[in-house]
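We did not get these values from a lab; they are worked out from the coordinates using the rules stated. Worth saying up front: this structure is predicted, and the values here are computed from it rather than measured. Glycine also receives a Cβ, built like all others from the backbone with ideal geometry; neighbour counts cover every protein chain displayed.
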Amino acid sequence: MLALAAATAPLDASGAPNAPLAAWLVEHTGGGACWWRRALGVECAGCGLTRGFVQLAHGHLLAAARLNPLAPALFLWTAWRALETGALVLLRRRLRHGVPDAWVWRYYGALALGFVALAALRPFGLLTAG
């Protein structure tokens, strides 16, 4: 996922934030990958995450946060998990992060609350994915 984000150009031909296969998806699905947005016309809590990952892979933190405020936190989590899995597979060692389990679960809880907040606010046009 991270390699695909890094390999995708951050902007499409019109200058808008890009996502892998974005033009193809819009052309073949009639509006993109999000079935929630296609069916109801309202962005879901995950809208903007893929484009946000592409922006983060190219170093554009503010652009990613505008697309989805949870993109930076999920990008960091994904990068850590990829590094952890790579170490386990290649080095046969577990990486120790030293963060207490209570804080890890607070992080997961904050992400869950963030998704709930986005799901509640986006139908009213607040915090749209740009």
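Could you list ASP12, ASP101 in order of exposure, starting from the residue whose Cβ has the fewest other Cβ atoms within 10 Å?
So the residues, fewest neighbours to most, are ASP101, ASP12.
Note down the magnitude of the dipole of the chain about its Cα centre, charges +1 on Lys and Arg C-beta and -1 on Asp and Glu C-beta and zero elsewhere, to the nearest 20 debye.
400
Arrange LEU49, LEU21, LEU126 by Cβ neighbour counts within 10 Å, fewest through most, would you?
Taking fewest neighbouring Cβ atoms as first place, the list is LEU126, LEU21, LEU49.
Answer with one residue from GLY52, GLY41, ALA73: the one whose Cα lies farthest towards the positive end of the charge dipole of the chain, charges on Cβ with Lys, Arg +1 and Asp, Glu -1.
Sorting the options by dipole projection puts first ALA73.
Please give the length that would be gained between TRP105 and ALA9 if that part of the chain were fully extended, namely 0.36 nm times their separation in residues minus their C-alpha to C-alpha distance (nm, one decimal). Numbers along the way, then the final one.
Details: separation 96, 0.36 × 96 = 34.56 nm, distance 3.40 nm.
Result: 31.2 nm gained on full extension.
Quick check: residue separation of ALA16 and HIS28 times 0.36 nm, minus the Cα distance between them. What number comes out in nm?
Fully extending the segment from ALA16 to HIS28 adds 2.4 nm.
Helix by helix, which DSSP H runs in the chain go 18 Å or more along their axis at the Cα atoms and have an average Kyte-Doolittle hydropathy of -0.5 or more?
Counting only whole DSSP H runs, the qualifying helices are 71-86, 101-121.
Quick check of the Kirkwood formula: for the chain, what is the inverse mean of 1/r over all pairs of different Cα atoms, in Å?
16.0
Under a crude label model (7 Å from the Cα following the beta-carbon direction), how far is LEU95 from ALA112 in nanometres?
Label at LEU95, label at ALA112, 2.5 nm between them.
Taking the beta-carbon count within 10 Å as an exposure proxy, list VAL54, VAL99 from fewest neighbours to most.
VAL99, VAL54
So what is the relative contact order for the chain, in percent, with contacts set as C-alpha pairs under 8 Å and at least six apart?
Values: 134 pairs, mean separation 31.3, N = 130.
Worked out over the chain, it gives 24 percent.
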